[in-house]
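Nothing in this text is a laboratory measurement; each read-out follows from the coordinates by a stated rule. Quick caveat, the model's predicted, so the values are computed rather than measured. Cβ coordinates were reconstructed from backbone atoms using ideal geometry, including for glycine residues, and neighbour counts include every protein chain displayed.
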Amino acid sequence: MEQVYLERSVDKKLLEWKDSSDRKPLLVRGARQVGKSWAVRHLGKTFKYFLEVNFEKDKEVLEFFNGNMDVKRIASQLSDYFNVPVIPGETLLFLDEIQKSENVIHSLWFFKEDYRELHVIGAGSLLEFALKEQSSFGVGRIDSLFVYPMSFDEFLDATGNSSLIRVKKKASAEHPLMDAFYNKLVEAFRSFILVGGMPEAVSIFAATGSYRKSGAVVSSIIQGYQDDFSKYARKVDPTLLRQTLLSVARQIGDKFVYSHVEGNYRSYEVKKALEMLCDAGLIIPTYHTDANGIPLGAEINEKIIKSVMLDSGVVLGLLGIEDDTAELVKEIMVASSTDLVDKGHLSEMVAGTELVKYMSPDKKHQLYYWQNTAKGTISEVDYIIAHGKEIIPIEVKSGVRGSMASMYVLMKNPQKNINSGIRCSLENFGKFLSPGGKPVRIIPLYAISNIFEDRIIL
């Protein structure tokens with residue numbers, strides 16, 4: 001079955017890059033199977049000519065990049081080899097899997113300096129490892145665009161529910177959703193948790209409505225990730241990478257405990273594995289911040305880290321390896337709206353990934369949370385975000401249940417200068433005052449994109 005292209009928010013950014021008079025070569029970055037190449041090929045349809053070079057498949061053309069880095073010569077040779085015209089302004093040159101060659105990566109510098117009129121995009125599933133070894137690569141010469149699995153808004157659009165996006169964007173505490181729309185959004189969010197946001201899985205679900213078929217796609221993606229681990233063998237034991245990834249799935253929502261990784265590995269070995277999984281884009285670290293001011297990353301405690309998996313579908317697929325998923329999936333399917341988000345800390349994880357997806361894709365963003373580290377205290381706030389000079393705490397809760405005491409502790413601390421907070425849940429839109437008299441907005445989990453609307457925090 002031929003896949004229909006699913007529109008992505010990154011499409012707009014790619015078009016802006018295409019039309020920019022001062023554009024640079026572009027690196028499209030992100031984990032394997034999040035839709036990087038798919039999005040670039042879609043952009044390619046807006047050009048008269050599209051030339052794609054995949055250096056995993058087209059290894060023989062690597063020799064074009066040897067010796068003198070004459071990018072006009074290289075472009076001409078690629079044109080002759082693939083029989084596709086390379087004409088500035090009319091051709092998009094797509095260099096995929098560029099991590100295969102340091103020379104190909106370096107060629108982007110020279111495209112910027114010597115052939116800037118040509119549209120050039122590079123990408124690669126394991127690109128971050130190659131770039132990490134070149135710490136100063138591309139500074140001032142290369143632009144980046146970070147791609148993640150599909151957001152809930154993109155999921156709604158892909159499944160024929162784009163009208164629900166418009167409905168929830170219009171909603172607010174002053175104008176909450178009507179019950180009919182509320183119920184429909186909760187059901188769609190249930191499906192989103194189960195399917196996840198991997199474009200191929202979403203495409204299959206949109207076409208068939210089958211969780212089994214979309215789950216099979218996710219299982220294949222997970223296998224691809226694990227197959228990739230053998231490529232890291234020089235740096236980290238592939239078995240350790242698999243066990244660490246599984247342990248992250250088991251520990252979602254909690255401080256990551258190194259000793260919970262099976263296999264009697266030392267802490268520094270697990271730490272190295274975590275770093276590599278972060279570089280691969282499979283997990284997103286959530287750092288503890290003191291939340292004393294902007295930027296939030298200025299006061300992080302790297303010893304206190306929670307790890308967020310890139311996708312809920314992948315989490316369920318990983319847990320399925322140990323046969324825990326069947327019951328969990330069943331619980332999610334039959335759960336009431338107030339119980340749905342309690343399952344396996346998935347709500348907290350999905351909230352975190354949604355926050356990242358709606359941030360600007362021009363740079364790689366970090367997630368932060370707050371914890372009172374004083375002895376004898378257990379206060380913890382799920383996420384802390386910054387907007388302008390404001391620090392905004394976010395608590396993820398189910399329904400009307402769940403204590404907000406931790407957020408209240410943080411909000412009333414005079415050193416933090418926090419004026420408002422957000423509760424994310426499956427409630428309808430609303431607002432209330434903290435015991436200290438500060439406003440707390442209820443932004444539903446299915447409407448996290450609203451946080452970035454000017455009506456909320458801008």
How much FRET efficiency would the formula 1/(1 + (r/R0)^6) give for residue 103 and residue 7, where r is the Cβ-Cβ distance and R0 is 25 Å, rounded to 0.05?
0.10
With the cut-off at 1.5 for a/c, could you classify segment 10-146 from its C-alpha gyration tensor as rounded, prolate or oblate?
rounded
Here the FRET efficiency for residue 59 versus residue 362, based on Cβ atoms and R0 = 25 Å and rounded to 0.05, is 0.20
Want the number for residue 144 to residue 129: 0.36 nm per residue separation, take away the alpha-carbon distance, what's left?
3.9 nm
Evaluate the relative contact order of segment 10-146 (contact order divided by residue number), counting alpha-carbon pairs under 8 angstrom at least 6 apart; express in whole percent.
37
Between rounded, prolate and oblate, where does segment 203-257 land on the alpha carbon gyration tensor, with a ≥ b ≥ c its root eigenvalues, rounded for a/c under 1.5, else prolate if a/b exceeds b/c?
oblate
If the chain between residue 275 and residue 69 were fully extended at 0.36 nm per residue, the gain over the current Cα-Cα distance would be 70.9 nm
Stretched out fully, how many nm does the piece from residue 372 to residue 302 gain, at 0.36 nm a residue minus the Cα gap?
23.7 nm
May I ask which of 168/431; 36/170; 36/168; 100/363; 18/57; 363/416 have a Cα-Cα span longer than 19 Å here?
36/170; 36/168; 100/363; 18/57; 363/416
Work out from phi, with θ = phi - 60° and the Karplus expression 6.51 cos²θ - 1.76 cosθ + 1.60, the ³J(HN,Hα) of each residue of segment 345-354, listed in order in whole Hz, and give x for Gly and Pro.
6, 4, 4, 4, 5, 4, 4, x, 5, 5
Could you pull out the pairs from 184/397; 231/255; 24/45; 213/272; 12/72 whose alpha carbons sit more than 23 Å apart here?
231/255; 213/272; 12/72
Along the Cα→Cβ direction, 7 angstrom out, place labels at residue 292 and residue 41. What is the inter-label distance in nm?
5.1
Reported to two decimal places, what Rg/Rh ratio describes segment 152-367 when computed on Cα atoms with Rh from the Kirkwood expression?
0.98
Can you give me the Cα centroid spacing of segment 363-397 and segment 1-62 in angstrom?
35
Does segment 1-64 come out rounded, prolate or oblate, given a ≥ b ≥ c as the square roots of the eigenvalues of its C-alpha gyration tensor, rounded meaning a/c under 1.5 and, failing that, prolate meaning a/b above b/c?
oblate
Over the Cα atoms, compute the radius of gyration (one decimal) and Dmax (the largest Cα-Cα distance, rounded to a whole number) for the chain, in Å.
22.8, 71
To the nearest Å, what is the center-to-center distance of segment 99-174 and segment 244-291, using C-alpha atoms only?
25
Remind me, relative contact order of the chain in percent, using alpha carbon pairs under 8 angstrom and six or more residues apart?
14
Charges at C-beta only: +1 for Lys and Arg, -1 for Asp and Glu. How large is the resulting dipole of the chain about its Cα centre, in Debye rounded to 20?
940
Please report, in debye to the nearest 20, how large the charge dipole of segment 14-68 is about its Cα centre when each Lys and Arg carries +1 at its beta carbon and each Asp and Glu carries -1 there.
240
Using a basic spin-label model with each label point 7 Å from the Cα along Cα→Cβ, how many nm lie between residue 255 and residue 19?
5.0
